[in-house]
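Everything below concerns the one structure shown next.
Readers should treat all values here as calculations from the given coordinates under stated rules, not as data from a laboratory. Every value quoted in this text rests on a predicted model; they were computed, and no experiment measured them. Note: ideal-geometry Cβ built from the backbone for every residue, glycine included; neighbour counts use all protein chains shown.
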Amino acid sequence: MNLVVLDGAALSEPEYRTLPGGSRVARFVMAVGTSSEHEPGGSTLIMIKAWNSQADEAAKKVHKGSPLRVEGSLKLSAYTTPVEITAYPTYVVARRLTYY
C-alpha cells in the first residue's frame, strides 16, 4: 500500500496552473518536522502536488506558513537534463488536504 500522511506547514505559496487537456494542478513545498535524537530540530522539505478539485482548494487555502495535513501517495518520476544527467524527483500526490 502506498499511503503517506504528513503533518507540517506550507513553505511556499502554491503554483497553480491549468494544463492543455483541462486538468488543474497545484504544487507547493511542505516542511515536516523530523526531530530525533540524532537530528534535533530538523525538518524535511517535500514537494506536494494536488490535482483538479484538490488543486482548486489548495490554490485558495494554502499559504506560506499554513499548517496542514496531507494524505496521499509517494510518486517517483525521472527525466534527463540537457547535460545528460538523469534526475529522479520524488513528491507526494495529495488525495486529501486538511487545513488547521
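So the values come out like this:
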read-out	value
Where labels lie 7 Å past Cα in the beta-carbon direction, separation of residue 2 and residue 23 in nm	1.3 nm
Amide N proximity, the range 6-33 versus residue 71 label position 7 Å along Cα-to-Cβ, cut-off under 17 Å	6-8
Point-to-point label distance, residue 63-residue 84, nm (Cα→Cβ direction, 7 Å offset)	4.9 nm
Exposed-site-free run, longest, the chain (rule: GluC sites (Glu not before Pro); DSSP loop; at most 13 other C-beta within 10 Å)	38-83
Inverse mean reciprocal Cα-Cα distance (Kirkwood Rh) of the chain, Å	14.4 Å
Under the Karplus curve 6.51 cos²θ - 1.76 cosθ + 1.60, θ = phi - 60°, whole-Hz ³J(HN,Hα) for the range 68-81, x wherever Gly or Pro sits	7, 10, 10, 10, x, 10, 7, 10, 10, 10, 9, 8, 10, 6
